[in-house]
Amino acid sequence: NDVFPNVQTFGADTAAEQGSHFFTNVVSESSANPRMLIIHEVMGRDSGYLTAATSRKYHDSLKKATFVSGLTTTAKSRDIHAVWIPEIKIDIAAEGARLKKVMDDNGCVNVFLSEGAGVNDIIAELEANGEEVPRDAFGHVSLAKINPGVYFSKRLATLVGAEKTLVQKSGYFARSAASNTFDRKLIKDCAEEGVKSAIAGVSGCMGQDEDKEGTPIRAIEFERIKGGKHFDTSVDWFKTLLKEIGQN
């Protein structure tokens, strides 16, 4: 969901829903070993929207779940303990200290990490060590080669005293899923408006135009379309999420 000036891109809500489903299964591994650290790496090079939205859906799903008292698996042990995205600087030392207590209290730590989070810090460390920063043909840093999930899992594992670490990526699982109800309606509404625009001879990218009053679905002028849209971390639901998981 990182395209200007679209309010919502096709598939973003589906991907968040599927990422939540993915972690619902993966998190069960937290009970397989004492002091388990799980990093859930979510798609998002420059935008943390998908990681935030996936976190929100997963966190909210736990509020509807029932847990039997007296067992080691609890709402707290299955919840998210940190959400790391490109728009928020990661203070690994401070987060390590906070999450060390979570590990001591619950026997596990679960982190949702955007694949582009902390990349600048990783680059700075590589360059300081005289190492070459791998880039693709377009000059973009190769995330697959610097592997932020593995990088942060190693750093955090030491800080929280993890005995086992698991890094799981939900990208292919989430993006290959069939559209959910929300996205099917969005696609239908955009397609209907697109036909009207085509008959009228109006070209553009169909979507909700956030720069127009009421964010109407319309043929957005191609010259206004561009990527690199960052997630707005000031939205109420995200601030509430961070507060509820103890990351303020």
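Couple of notes before you dig in:
- Listed by chain and number, the aspartates and glutamates whose C-alpha is less than 13 Å from the C-alpha of Lys229, apart from same-chain residues fewer than 8 away, are Asp2, Asp46, Glu87, Glu210.
- Charge dipole (Cα centre; +1 on Lys/Arg Cβ, -1 on Asp/Glu Cβ; no other charges) of the stretch 52-96 amounts to roughly 280 debye.
- Trypsin sites (Lys or Arg not before Pro) restricted to DSSP loop in the stretch 1-97 with at most 12 other C-beta within 10 Å: Lys63, Lys64, Lys89
- Placing +1 on the Cβ of every Lys and Arg and -1 on the Cβ of every Asp and Glu, with no other charges, gives the stretch 11-113 a dipole of roughly 260 debye about its Cα centre.
- Along the chain, the exposed loop sites are chymotrypsin sites (Phe, Trp or Tyr not before Pro) outside DSSP states H, G, I, E and B with at most 13 other Cβ atoms within 10 Å, and the longest stretch free of them is 139-248.
- Among the trypsin sites (Lys or Arg not before Pro) in the stretch 129-225, those located in a DSSP loop and surrounded by at most 14 other Cβ atoms within 10 Å of their own Cβ are Lys212.
- Pairs exceeding a 23 Å alpha-carbon distance, out of Lys63/Lys188; Lys57/Lys185; Lys185/Lys212; Lys101/Lys154; Lys57/Lys243; Lys63/Lys154: Lys63/Lys188; Lys63/Lys154.
- Candidate aspartates and glutamates for bridging to Lys196, where Cα separation is under 18 Å - those fewer than 8 sequence places away on the same chain excluded: Asp209, Glu221
- Along the chain, longest interval not containing exposed GluC sites (Glu not before Pro), exposed being DSSP loop plus at most 10 other Cβ atoms within 10 Å: 1-131
- 5 Å binning of all Cα-Cα separations within the stretch 53-199, expressed as whole percents from 0 upward: 2, 7, 13, 15, 16, 14, 11, 9, 6, 4, 2, 1, 0
- Relative contact order for the chain, counting Cα pairs under 8 Å that sit 6 or more residues apart, in percent: 32
- Reduced Cα scattering model of the stretch 156-248, Debye log10 I(q)/I(0), q = 0.12, 0.16, 0.22 Å⁻¹: -0.69, -0.99, -1.24
- Projected area, mean over directions - the chain, Cα convex hull, nm²: 15.4
- Computed over the stretch 97-229: relative contact order in percent, which uses C-alpha pairs under 8 Å that are six or more apart: 16
Throughout, read-outs are computed from the coordinates displayed, never taken from laboratory work. Nothing here was measured: the structure is a model prediction, and the numbers come from that model. Cβ coordinates were reconstructed from backbone atoms using ideal geometry, including for glycine residues, and neighbour counts include every protein chain displayed.
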